[in-house]
Amino acid sequence: MMLKDTNNDVIAGQIASHFGLNKVIADILVSRNIDTLDKADAFLYPKQSNMTPLELYVGLDGVIERIKQAVDNKEKVVLYGDYDCDGICGVSILYLYLQSRGVDVSYFLPSRHTHGYGLSIEALESIAEQSFPDLIVTVDCGISSKNEVQYAQEVLGIDVVVTDHHEPIAELPECNIFNPKLSKGCFRELCGAGVALRLVEALAGVQESKKYYDIAAIATVADIVPLVEDNRIIVYYGLMLINRGYRKGVKMLVESCVKGVVKSSDISYKIAPRINSVGRLQDANPVVELFVSNDNFVLSNLIEEIEKLNDLRQTMTTDLATACDDRLIGFDFEDNPIIVLYDRYWDDGILGIASARLVGEFNRPVILLTKNKGVVKGSGRSVEGVNILDCVSACSDILLKFGGHKMACGLSLQEDNVEEFIRRINAFAKSTISSQALQPKVEAFCKLDDFDIEFAKQLAYLEPYGEGNREVTFSTDMGKCDFAPIGNSEHLKYHYKDSDFLAFSAIDKLSLLNSSAKKKIRFSLSVNVFKNSETLQANVLNVTCNDVECDMGVANYVMQSIYKSNSPIQVRHIDKERAFDAIADSSYGTCYLCYDYDTFKSIDPKIIAKLMINNGFCDSDCPYNRLIYNPDVNVNLTYYDNIVLLERPLSGALTAKMQISKDASVWVVDDDIMQRRCRNKLLDYAGLGKVFTAIKTLLAAKSYTDYYTLFQNIGVEGVAWEEFCVAMAVFVDLGIVKYDNNAIIIDREVKTKLDCSKLYRVLSK
C-alpha cells in the first residue's frame, strides 16, 4: 500500500498510527527510506517468504544441476572455503547438508600464512594428492580464480563449481558459478554463507534451509554486508535459533562470552572475533567442528583453544594498533585521505581487525600491509560513504590480486610497487572522496526526558543492527553530572531519574562529565533486565563539549600549571593576526587552545567556520583543524603538527603536561588576558595565609590526592575555587606545596617569603 501524502512527517505519522509506534521511531524508519506501509511491515516483521525469488539468480540452475549430479552419482566432493568467519560458516552449511544426503564430503580451508586467500595451485594439488575428489565446490571465494579453476579442471581433472559473493572481475572462471553479484534486479549483497544458505534452499527447499539460519546469521554480521532485506531476514531468524540454543557448539561458545539475550552486536564484538581469531593465527579447519559436531569433549576443547587464541589476537591487535598510532604522528592527513601503512614484520593475520580499530580512531579508510613469502599482502576497512574496493580497483594494474566489497578489501602486490600504490590510491581518493565523508557524523538531537522503557522496547523493533542498518544513537545536552567509577574499573555509571548511564573505559573523561560545562553526550538505549526488574539503560558512546558559552577556564588554566616542570616544551611566539595563517590552505594539522571566552569571541567568524570546535576534549584522534576551548590536560594532541596557545601560559608546565608530539611546533600568542584574570583571583597576603594554614592543618591529619577535594574541606569562608587554585599555584611556585607519591604534601624544610614567588610578583603588579 503506497501512502498518498509524500510529506515525510505525515508518512511517519501514518506509520506510527498503523503499527502503534512512537512517532520518533516512525521518523527513524522514514529517514532510512522505509517510507511505505508495506516497507515498514517487511522491515518490522521480517518474513522468510519475502526473500528474493531464487529464479532471479543467474547461474544458479547450472550449480544446482551439477551438485545434484554429485549427490545422485555418489561422487566425492571437497568444499574449498575461506579461513575467515564467513568462509567457515558457509562450508559448515554445505557440509551438513551434503552429509545429510549421504555424500562423501570433506572440506579444506586454506592457511592464511601458507596458501593465502582464495584458490591456489599449491592447495589444489594438495587436495588432489590427499583425496582426489570428483568435484570441488568453492565457498566465499573463487570468482577471481580463472587460472586456478582451469588448472584444477584441465590439469588435475577435477570439476569445479564456484559459489562466491565478492565483486566479479572481467574474466570469470569457466565453470558453473553462483554469485549474486552476477545478477540484476534482485538482492545482491549476500555474504558467502548467505550464498550457501540460498543454495541449500534451491537444492532441498525452504524447510531444509531453515536448519542453517543460525550459522548464516553469524557470517552475515561478521562479514559487514548490508543488514537489510534478505540479510535482515537471515539474521532475524538466525538470532532466534541462537537464543533457543539450537546448535550445541554455538550454544557453548555463546555461554563462554555472552550474558543474556544474544544480539547482532554480540556477534560483531564477541562471537565472530573468536571464530576469526583461529584463522588469523593458525589453521581454521578445526573451527568447522563448532557447527557440525555434537561431541562435548571435542567442543569443550575447541572453545578453550578459541579463547586462548582470541586472547592472543587481542594482545597482538593492541600492539599493532599502538605501533600504527606511533607511525601516524606527523602523518600527512591532508594528502592521504586513506591511511596506508607498510611494515614487512607485521603479522598478516591481524591486519584487518587492526585496520578496523584505526578506522574507529581516525574516521577514514585504513589499509595495512605486510610481507609474506616474498609478496606484500594487505587488508583494509572503510567508513560509510567511501567504497574502498573502488579505490583499490583504481590501482589494479599494479596489484597481483585484490577483492572484497565497499567496506572491506584484501590485496597483494610486489614490494617494489608499495610506494606507487600508496601514491595512486590516495590520488584517486582525493579526486573522488568528499571531505564530508571523512568528517565525524552529526547525530540527531533529542531531549533526555523524552525516553522511557516503553520507547526502548519499541526501539528493539529496529534490530538486528549492522552495516546498512546501524544502531540508532541519540545525542542530548547535559550539564553537571554525577558519574562515578564502577568498583575499581575504568567504567563509569550515572543514575538519572529512572535511567542508568554507563560509560565504558571512560575514566579519563570523568572530570569533563562531572563538570558544569554544557556537554553533548551520544548514547544508545536498551532495557536492562536484572532479577525481573527492568531499567532503562543508556550506553554512552561519545562525549563532546563544543558549546563554549560557559566561562570556567581560569581554574583549569591555573591547575594545569600547578607543578614544577623540569622539561617544558620549547615554544615560539606569534602575532595573533598571523596565528590563523596555517589553516588557510589545509584542513588538518593545527590545533588552537584557549581558556578565555573573550578570546574565543574575538576570533573572526570566517575563521571559526574553518575549525572544528570542542570544549575540553577532541572527539577524534584525526587532527582536523580544531579549536579546543578550556582544554583538559589529558587531551590527546599527539597527531597535530602545530599547537597554538591563544593566551600566554602561566608556566611551561602547562604545555609540558599535555600530550604533544616532540616534533610538533608549539606557538604562543602574547595575550596576557588569562594572567589578568588570575590577578583578579589573587588573594591578599592575609587571605593566602589563611588558606595555607588551613591546608597545613588538613594535610597533617589526612592524605589528599586531588586539589578539589582538598578545597572542599579547607573551611575558609569566602574563598572561591578559582581563588584557591591561584593560591595553590603560588605555593607550588614557592616550593612549599608539592605533589609527591600521588599525594599533596607540605614541604616543611622550605623556608621562604611570599615575594620569592615569581608568579606572585607577576600577579600582584
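Throughout, read-outs are computed from the coordinates displayed, never taken from laboratory work. Not measured: the values here are computed from a predicted model. Virtual Cβ from ideal backbone geometry, glycine too; neighbours counted across all protein chains shown.
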Just the Cα atoms of region 628-752, one point each, no solvent: what log10 I(q)/I(0) does Debye give at q = 0.09 Å⁻¹? -0.32
Given pairs 497/520; 518/702; 263/457 and cut-off 24 Å on Cα-Cα distance, the over-length ones are 518/702
About the Cα centre of the chain, how large is the charge dipole given +1 on each Lys and Arg Cβ and -1 on each Asp and Glu Cβ? Please answer in debye to the nearest 20. 2200
Cα gyration tensor, region 59-176 - rounded (a/c under 1.5), prolate or oblate: rounded
Leading residue at positive end of dipole, the chain (Cβ point charges), from 369, 544, 153: 544
Between the Cα axis of helix 121-130 and the main Cα principal axis of the chain, the angle (0 to 90°, nearest 10) is 50
Report, for the chain, the % of DSSP beta bridges that are antiparallel, rounded to 5. 50
Whole-number D in µm² s⁻¹ for region 71-129, Kirkwood Cα-pair radius fed into Stokes-Einstein, 4 °C, 1.567 mPa s: 107
Calculate, in nm to one decimal, what residue 745 and residue 183 gain on full extension: separation in residues at 0.36 nm each, minus their alpha carbon distance. 194.9 nm
Mind pulling the angle between the C-alpha long axis of helix 418-432 and the longest principal axis of the chain? Nearest 10 degrees, somewhere in 0 to 90. 80
Measure nothing fancy, just the Cα-based angle from helix 192-204's long axis to the longest principal axis of the chain, in degrees from 0 to 90, nearest 10. 30
Taking residue 146 as the anchor, which lysines have their alpha carbon closer than 24 Å to its alpha carbon, excluding any fewer than eight residues away along the same chain? 68, 76, 181, 184, 373, 377, 401, 406
Taking 0.36 nm per residue of separation between residue 756 and residue 482 and subtracting their Cα-Cα distance, the length gained on full extension comes to 94.6 nm
May I have the pair-distance distribution P(r) for region 277-418, computed from all Cα-Cα distances with 5 Å bins from 0 and rounded to whole percent? 2, 9, 18, 19, 18, 14, 9, 6, 3, 1, 0, 0
Rounded to whole Å and sorted largest first, list the principal axis extents of the Cα atoms in region 121-209. 38, 32, 16
Evaluate E = 1/(1 + (r/R0)^6) for residue 431 and residue 581, where r is the Cβ-Cβ distance and R0 equals 22 Å; express this FRET efficiency to the nearest 0.05. 0.25
At a 10 angstrom cut-off on C-beta neighbours, averaged per residue, how do the peptides 61-72, 709-720, 270-281 rank from highest to lowest? 270-281, 61-72, 709-720
Which peptide among 331-342, 403-414, 17-28, 229-240 comes first, and what is the full order, when sorted by highest mean count of other Cβ atoms within 10 Å? 229-240, 403-414, 331-342, 17-28
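Taking the Cα centre of region 553-676 as the origin, how large is its charge dipole in debye, to the nearest 20, when only Lys and Arg (+1) and Asp and Glu (-1) carry charge on their Cβ atoms? Show your work: numbers first, answer last.
Values: 12 positive and 16 negative charges, 49 e Å.
Charge dipole of region 553-676: 240 debye, to the nearest 20.
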Of the options 21, 491, 724, report the single residue whose Cα projects farthest towards the positive end of the charge dipole of the chain (beta-carbon charges: Lys, Arg +1; Asp, Glu -1). 724
How high is the FRET efficiency from residue 32 to residue 298, r the C-beta distance, R0 56 Å, rounded to 0.05? 0.85
Under the Debye formula (equal points on every Cα, no solvent term), log10 I(q)/I(0) of the chain at q = 0.07, 0.09, 0.10, 0.11 Å⁻¹: -0.62, -0.94, -1.10, -1.25
Computed over region 681-763, Cα set: Rg, Dmax in Å: 11.9, 33
Is any residue of region 627-670 close enough, with backbone N under 12 Å, to a label point placed 7 angstrom from the Cα of residue 602 along the Cα-Cβ axis, and if so, which? 646-648, 669-670
Once you place label points 7 Å from the Cα toward the Cβ at residue 345 and residue 269, how far apart are they in nm? 3.3
Please give the direction-averaged projected area of the C-alpha convex hull for region 54-306, in square nanometres with one decimal. 12.5
Could you tell me the number of lysine pairs in region 553-676 with C-alpha atoms less than 18 Å from each other, where the two lysines are 8 or more residues apart or belong to different chains? 5
